[in-house]
1. Over all pairs of distinct alpha carbons, what does the Kirkwood formula give as the hydrodynamic radius of segment 1-51, in Å?
2. According to the square roots a ≥ b ≥ c of the eigenvalues of the Cα gyration tensor, what is the shape class of segment 60-102, taking rounded for a/c under 1.5, prolate for a/b larger than b/c otherwise, and oblate for the remainder?
3. Heavy atoms only, 1.4 Å probe, whole protein assembly: order D69, D14 by accessible area, highest first.
4. Separation between the V53 and R2 pseudo-spin-labels, each 7 Å from Cα along Cα→Cβ, expressed in nm?
5. Between T105 and A88, what length in nm is gained on full extension when 0.36 nm per residue of separation is reduced by their alpha carbon distance?
6. What FRET efficiency comes out for V65 versus Q13 if R0 is 30 angstrom and r is the Cβ-Cβ distance? Round to the nearest 0.05.
7. Could you tell me which of rounded, prolate or oblate describes segment 15-113, using a ≥ b ≥ c as the square roots of the eigenvalues of the alpha-carbon gyration tensor, with rounded for a/c under 1.5 and, failing that, prolate when a/b is larger than b/c and oblate otherwise?
8. Name the residues whose placed amide hydrogens come within less than 5 Å of the amide hydrogen of V95, ignoring near sequence neighbours (fewer than 5 apart) on the same chain.
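The values are calculated or read from the model by the stated rules, or taken from the named source; none is laboratory data. If you're wondering where the values come from, they're calculated on a predicted model, not measured in any experiment. When we count neighbours, we look across all protein chains shown, and the Cβ atoms used for this are built from the backbone with ideal geometry, even at glycine. For accessibility, only protein heavy atoms count, side chains too; no ligands or nucleic acids. Shrake-Rupley method; radii C 1.70, N 1.55, O 1.52, S 1.80 Å.
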Amino acid sequence: MRRVVGLDLGQQQDYTALALLEWEEEAAPQYAVRQLRRWPLGTSYTTICDGLVATFAMPELAGSVLVVDETGVGLPVVQMVYREMRRARAKGGIVGVVITGGHETSQAAAGRWHVPKKTLVSVLQ
């Protein structure tokens, strides 16, 4: 069973949301959403980090990947999430994603990905 946790960090007028997806690696995988969470507006990033640490403390998430959209909040907030996850010895990887207006997906330094918005739209349709 494979699992990935997606995190969209909100700002003052956007909610922070988390989705836990699970699937089995088969010819035609079927994805299941196992957890959805939305923090109230104005929740501090430190409180969100505490929630992530608690989520990744679940044994079934050992070795899972946290994919964080760093487009709006930027690298400093994602680095804070990374530090807190490491401090808590969370057993999972972290990947930052920047959504761009470009045409190609590329991997930048330190495990960050640049993904064109049009690619995301075509995947979701």
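1. Taking every pair of different Cα atoms in segment 1-51, averaging 1/r and inverting gives 12.2 Å.
2. oblate
3. From most accessible down to least: D14, D69.
4. Spacing of the two 7 Å Cα→Cβ label points: 3.0 nm.
5. Here the segment from T105 to A88 would lengthen by 3.0 nm.
6. About 0.60, to the nearest 0.05.
7. In terms of gyration-tensor shape, rounded.
8. Result for V95 returns L66, V67, V68.
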